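Structure first, commentary second.
The values are calculated or read from the model by the stated rules, or taken from the named source; none is laboratory data. Source: prediction; values computed, not measured. Please note: Cβ atoms are built from the backbone with ideal geometry, for glycine as well, and neighbour counts cover all protein chains shown.
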Amino acid sequence: MFSIILVVAGVSEGAIIKGPYLIYPGDNTEMMVLWQLDSSQSCSLEWGPDPNYSSGSIVTAEYGTDHQHKHTIPGLVPGSKYYYRVIVDVNEYPGSFRAAPPADANAVRFLGYGDTRTNIFDHDMVNAAMIGTFEADPNYHTFTLLSGDWVDDGEEEEDWTNEFFNPAALNTRRLQANLPINGCIGNHEYDDDSTPRTYFDKYWPYPYVDGFYWSFDYGPVHIAVIDQYEKSYAFGSAQYKWLRDDLRSTDREWVFLQLHEPGYSAGHHDDNDDVQQCIQPFCEEYKVDIVFCGHNHYYARCDKNGVKHITSGGGGAPLRDGSLNYSEYVEVYEKTNHFCKIDIRGDVLTFEAVKPDGTVIDHFVLQHPPAEAWEPTPADGAINQSVDVVLSWNAGDCLFRHSIYLGEDPVAVKNAGHSDPEWKYYYDPGDETFDPDVDGVDPQPLELWKTYYWRVDEIHWPYPVRCSKYPAITKGAVWSFTTGCELEGDINRDCVVDFRDIALLGNDWAKRKFFPNDF
């Protein structure tokens, strides 16, 4: 049930002019419903797990000075669907939502988009496709991110009325009534003087820590929302320290940042240096998976040291040109209206960017690694390896440092500690290779026709808190490889066919091998 009765024009006094719309306040037993009337009038709000609205009701009173109403519905069952309606005189305004999942949920799906300003019917077209997504798959009936620039001028009341809450944009109003919007402030909601951001705070009263930054959990996801305008996030600032502590303390499996101006994008606006210098190091240290941004009016995906930076600025604002060649970090770029779909199932995240007609413009998968080192090269049990082989592997999760062991006795390698000769050295994250000839303590060349055993232990960071589920050290499996070769004519097994082999084989073999046309 996603219908909503809209009041467009010529209605009686006391009609809803904005909303109802939804905010998820960060508690999985609550949902905030908000709306605004055109005059003073009492309203009632009813809700329940079915369209009979049997769970509760309340008569609401105005707050503020502009006929606004809001109520946070309590006592929700996490993960359950609810219906609600706002009643004003004889008019009803229904909607629905799904309570956030339990804290221990390991799967969730949600949406995201940004830069919805100016072109209300392009925004409406994108919202129609988003509605189609959660109607076709109710698992997406959760919430959406919105990465800023909601309206053209966020300090003008009429822009909020005529753009984001325009009653003629039927799909936009319908989405607002049925999907919580958890977004960040953009530069179009801000100007460079000392004027307080009256209207963003007025219509989007999230539970801010200060300014417009805050964070929330949603099942297995933690999302930190950054304020790039009202409050500094420079080194040593209050927001900088808050973000560090927030990321360090989260125990969620997946971590997102949401901010407006990207540190890595495909051009038009320059990449934001402050994001690169102040926020990217936190992303790498505290295992942030995705930074979700807007500002540039297109879609782009960038990668900086394993952190995905998404620019989703195609929600309705005038599209702008970018370039796939803007920087070495750009992986995907397309100038188009779009929205994003995020599908998390355990340690696998699937991300898609989709045009309103359903065309997929980007698709990628992230998978969190296991605790232990994995996928060795050469493969476990490999034979005929060169004596110059370089060992490599994939790093385990929450890695602080690797510890490498190598020897000819599998039991000794399995049981070795740092005081034993099998221990070779520590290696930092990003250096998942070991050359036995030159690396580590007392490097030794490998010998032909021998089997070697090796082990990689992973030493883990204790933070973010989700890393505390691992022991301090995850002991690796013992892998093996055997040096050698398979060369025709290599009689003395030195992996070279030379005069020594010819002497053993005889001249007739050599002539047949090297001068076949003479026979």
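Pro462 fulfils the conditions (1) part of a strand (DSSP E or B); (2) closer than 30 Å to Val221 by Cα; (3) touching a helix residue (DSSP H, G or I) at 6+ places or on another chain (Cβ under 7 Å) except for a single criterion, (1). Checking Val209, Val255 one by one, the residue that is in the same structural domain as Ile181 (by TED's automatic domain parsing), of a type in the set (Val, Ile, Thr) and farther than 22 Å from Asp343 by Cβ is Val209 and no other.
Within the option set Glu158, Glu163, Glu189, being acidic (Asp, Glu), buried (at least 19 other Cβ atoms within 10 Å of the Cβ), in the same structural domain as Val255 (by TED's automatic domain parsing) and over 25 Å from the mean Cα position of the chain (by Cα) holds for one residue only, Glu163. Summed over segment 440-466, residues that are at pLDDT 90 or above, farther than 21 Å from Ile383 by Cβ and either in the same structural domain as Glu284 (by TED's automatic domain parsing) or of a type in the set (D, E, K, R) (or both) total 2.
Here is the figure for segment 20-43: residues that are surrounded by 15 or more Cβ atoms within 10 Å (Cβ to Cβ) and under 14 Å from His67 (Cα atoms) total 8.
Do you know which residues across segment 100-124 are within 24 Å of Pro138 (Cβ to Cβ) and surrounded by fewer than 19 Cβ atoms within 10 Å (Cβ to Cβ)? Pro102, Ala103, Asp104, Ala105, Asn106, Ala107 - these are the residues of segment 100-124 that are within 24 Å of Pro138 (Cβ to Cβ) and surrounded by fewer than 19 Cβ atoms within 10 Å (Cβ to Cβ). Taking every residue in segment 473-486 that is outside any strand (DSSP E or B) and pairing it with any residue that is surrounded by fewer than 20 Cβ atoms within 10 Å (Cβ to Cβ) and modelled with pLDDT under 95, at least 6 positions away or on another chain, the pairs with Cβ-Cβ distances below 6 Å are Gly484/Asn384; Gly484/Trp449; Cys485/Asn384; Cys485/Cys495; Glu486/Asn384. Can you name the residue in segment 231-286 that is part of a loop (DSSP other than H, G, I, E, B) and of a type in the set (D, E, K, R) and is also nearest to Gly313 (Cα to Cα) among such residues? Per the criteria, the residue is Glu261. Of the residues screened, Glu261 is not one that is under 30 Å from Pro102 (Cα atoms) and among the acidic types (Asp, Glu). What are the residues in segment 290-331 that are surrounded by fewer than 24 Cβ atoms within 10 Å (Cβ to Cβ) and under 16 Å from the mean Cα position of the chain (by Cα), if any? Correct list: Asp303, Lys304, Asn305, Gly306, Val307, Lys308, Glu331. Would you call Pro369 surrounded by 14 or more Cβ atoms within 10 Å (Cβ to Cβ) and assigned to a loop (DSSP other than H, G, I, E, B)? Here the answer is yes, as Pro369 does meet what is asked.
Check Asp115, Asp122, Asp159 and return the single one that is assigned to a loop (DSSP other than H, G, I, E, B) and within 30 Å of Asn187 (Cβ to Cβ).
Matching residue, one of Asp115, Asp122, Asp159: Asp115.
Screening the candidates Ala177, Ala168 for the property of being farther than 26 Å from Gln228 by Cα, in the same structural domain as Cys340 (by TED's automatic domain parsing) and not in a helix (DSSP H, G or I) yields one hit, Ala168. Restricting Glu408, Glu486, Glu432 to those that are surrounded by 15 or more Cβ atoms within 10 Å (Cβ to Cβ) and in contact with a strand residue (DSSP E or B) (Cβ under 7 Å, 6 or more places away or on another chain) reduces the list to Glu432. Summed over segment 318-358, the residues that are aromatic (Phe, Trp, Tyr) and in a strand (DSSP E or B) give a count of 3.
Conditions tested, residue by residue: (1) of a type outside the set (Lys, Arg); (2) modelled with pLDDT of 95 or more; (3) outside the structural domain of Glu432 (by TED's automatic domain parsing).
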{"site": "Ile310", "(1), (2), (3)": "yes, yes, yes"}
{"site": "Gly313", "(1), (2), (3)": "yes, yes, yes"}
{"site": "Lys335", "(1), (2), (3)": "no, yes, yes"}
{"site": "Val348", "(1), (2), (3)": "yes, yes, yes"}
{"site": "Phe351", "(1), (2), (3)": "yes, yes, yes"}
{"site": "His363", "(1), (2), (3)": "yes, yes, yes"}
{"site": "Lys414", "(1), (2), (3)": "no, yes, no"}
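Return the residue satisfying two criteria in turn: it lies in segment 271-289 and is within 17 Å of the chain's Cα centre (by Cα) and of a type in the set (A, V, I, L, M, F, W, C), and of such residues it is surrounded by the fewest Cβ atoms within 10 Å (Cβ to Cβ). Here the residue is Phe282. Among residues of segment 27-42 that are outside the structural domain of Tyr206 (by TED's automatic domain parsing), those with a beta-carbon under 7 Å from a residue that is outside any strand (DSSP E or B) and of a type in the set (Ser, Thr, Tyr) at least six positions away or on a different chain give the pairs Met31/Tyr24. Out of curiosity, is Lys424 touching a Leu at 6+ places or on another chain (Cβ under 7 Å) and surrounded by 13 or more Cβ atoms within 10 Å (Cβ to Cβ)? Here the answer is yes, as Lys424 does meet what is asked.
With respect to the conditions (1) buried (at least 24 other Cβ atoms within 10 Å of the Cβ); (2) closer than 10 Å to Tyr213 by Cβ, Ser265 lacks only one, and its number is (2). Residue under question is Lys287, and the condition is that it be under 14 Å from Ala224 (Cα atoms) and either at pLDDT 95 or above or not assigned by TED's automatic domain parsing to the domain that holds Ser468 (or both); does it hold? Against the criterion (under 14 Å from Ala224 (Cα atoms) and either at pLDDT 95 or above or not assigned by TED's automatic domain parsing to the domain that holds Ser468 (or both)), Lys287 qualifies.
Can you tell me which residue is farthest from Tyr463 (Cα to Cα) among those in segment 216-247 that are in contact (Cβ under 8 Å) with a residue 12 or more places away in the chain and acidic (Asp, Glu)? Checking each candidate, the answer is Glu230.
Would you say Ser215 is farther than 12 Å from Ile279 by Cα, polar (S, T, N, Q) and in contact with a Pro (Cβ under 8 Å, 6 or more places away or on another chain)?
no
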